[in-house]
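To keep things clear, I will list the structure first and then write my remarks on it.
The values are calculated or read from the model by the stated rules, or taken from the named source; none is laboratory data. Keep in mind that this is a model prediction, so the values were computed, not measured. Please note: Cβ atoms are built from the backbone with ideal geometry, for glycine as well, and neighbour counts cover all protein chains shown. The protein model used for the area step is the full one, side chains on, heavy atoms only, and it has no ligands, DNA or RNA in it. Shrake-Rupley method; radii C 1.70, N 1.55, O 1.52, S 1.80 Å.
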Amino acid sequence: VALEDIQNALEHFMMTMMGKDTKPFEGTALRKDGSRLSIIVYPNIIACNDQIIGTRGFIVNVTEQKKAEKELFESEERLSLAIKAASLGIWEWDIRKKESIWNDQMFKTYGIPEENPIRYKKWVKTVVPEDFPKVKAAFHRVIANKINDFVEFHIIRPDGSIRCVQAGIGVITDENDQVSRLVGIHIDITNRSQYEKDREKLISELQEAISKIKQLSGLLP
């Protein structure tokens, strides 16, 4: 047993011998080559004439599981940091219940107080009416074909401001391979959309200026 686990192992062994604790014990074991193993010990008592005369049990090597759990935790931690850094809204919609679960960034984007779950009808009211048909069509397309897709639309915040968002949509199927939930992301691209509009306006103005310069070029030396 690894040095840092010896005390706990002894205490657990004594509790088992006293019949007070037969719960699994988790710790670290050392192999002869110096490598370490994550183990779980499942003890039980051996009794004779109501007297405890020993213990029996088995040990499970969970090193690979622990390694996988650690890697999964680190991966989820990195993903969480990436989501926060990119200000990504994450949502999941239960088709049968017609309600969604949002992360905190979704509420920030929509400008509404955090309140999970979000009813479908409440979300619909936030979408600019002219954009709702294409959003609905995207949802139906994703569900019918079990694919991932993107859709861009505008939402109205409670303060009356309008934001442009891009939503990525994916499906989760049940045991019968039927779509039971939709999951996805929201990215607020309002500033980018405004930049593109300004860029198009600037290009138009430059083209007009170039045209005028050409007309005046004959007046220049």
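Here Ile112 and Lys134 are evaluated by their C-beta separation; at R0 = 25 Å the FRET efficiency comes out at 0.65.
In terms of accessible area, using a 1.4 Å probe and ignoring ligands and nucleic acids, Lys125, Lys66 rank largest first as Lys125, Lys66. Sorting Ile53, Ile6 on solvent-accessible area from highest to lowest, probe radius 1.4 Å, gives Ile53, Ile6.
Annotation: Arg36 carries an accessible surface of approximately 120 Å², with a 1.4 Å probe and no ligand, DNA or RNA atoms counted. Taking Cβ atoms as reference points and 11 Å as the exclusive limit, the residues near Lys122 contribute a net charge of +2, counting Lys and Arg as +1 and Asp and Glu as -1. Of the whole protein surface, Glu69 contributes about 110 Å² of accessible area at a 1.4 Å probe radius.
Taking 7 Å steps out from each Cα toward its Cβ at Ile189 and Ser35 produces label points 4.9 nm apart. Multiplying the residue separation of Glu26 and Asp94 by 0.36 nm and subtracting their alpha-carbon distance yields 20.7 nm. The stretch 159-182 and the stretch 5-69 have Cα centres separated by 47 Å. The modelled label-to-label distance between Ile143 and Ile46, using points 7 Å beyond Cα along the C-beta direction, is 6.3 nm. Taking all protein chains as shown and a probe of 1.4 angstrom, Lys108 keeps an accessible surface of around 130 Å².
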